[in-house]
Every structure is written in structure tokens, then in C-alpha cells.
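Here is the structure we will look at, set down as C-alpha cells.
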Amino acid sequence: MEIVKGSVVKAKAGRDKGRFFIVLGFDGEYVIICDGKSRKLEKPKRKKEKHLSISSTVIENGSMGTNREIRKALSKFNKS
């Protein structure tokens, strides 16, 4: 499966291990991710693709406008 903008991913390594994020974009070999809480839109996280597990869910761009919308979209993943 390929990572695309809006994909929901889970961190496999680092201090963010086990948490879900939304892909905002790409920067060379890095994927730019945020979760709207600890990693906000204003200061997203850069992470290598090999440290991410891809889910089959893709969030449409309308749900990625604010930190609140991102938290709401990821809430069902973080509860499970």
C-alpha cells in the first residue's frame, strides 16, 4: 500500500510509537504528519516512511483544515 496525502498512519518507532497521525505531505525521504494535539498543523512532525504503518483509511482534505478537525477524524483510531 502506498502513502498518499490524507492517509492515516501509525508510528512504529520513536516517542510517538503507537499513535495515529494524518499525512500532510512529503519532504524528500520524509513524510510530514500531524495529529492535531501534540503535533499540530503549525509544527508538524517529519518522519521516515519506514517508521510508519499505513492504514487503509484516507481522510478527505475537508477534514484537515484545523487541529480540531484532525483530532476528531483520528478519535476513532486512538480509542481502539
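Here the gap between residue 1 and residue 48, fully extended at 0.36 nm per residue and compared with their Cα-Cα distance, gives a gain of 15.4 nm.
Estimate the FRET efficiency between residue 75 and residue 29 by the formula 1/(1 + (r/R0)^6), using the beta-carbon distance for r and 30 Å for R0, to the nearest 0.05. For residue 75 and residue 29, the calculated efficiency is 0.50. Between residue 55 and residue 67, the modelled labels are 2.1 nm apart [label points 7 Å from Cα along Cα→Cβ].
Protein heavy-atom surface of the chain, 1.4 angstrom probe: 46% of the accessible area is carbon and sulfur, with nucleic acids and ligands not counted.
Using DSSP to define loop residues, name the GluC sites (Glu not before Pro) in the chain whose beta-carbon has at most 14 other beta-carbon atoms within 10 Å. Of the GluC sites (Glu not before Pro), the ones in loops of the chain whose Cβ has at most 14 other Cβ atoms within 10 Å are 2, 29, 42, 60. Entry note, the chain: relative contact order of 33 percent, from Cα contacts under 8 Å with a spacing of 6+ residues.
Size descriptors for the chain (Cα atoms only): Rg and Dmax, in that order, 11.1, 32 Å.
The values are calculated or read from the model by the stated rules, or taken from the named source; none is laboratory data. No experiment lies behind these values; they were computed from the predicted model shown. Positions of Cβ are backbone-derived with ideal geometry, glycine not excepted, and every protein chain shown enters the neighbour counts. These accessible areas exclude ligands, DNA and RNA; they are computed on the full protein's heavy atoms, side chains included. Shrake-Rupley method; radii C 1.70, N 1.55, O 1.52, S 1.80 Å.
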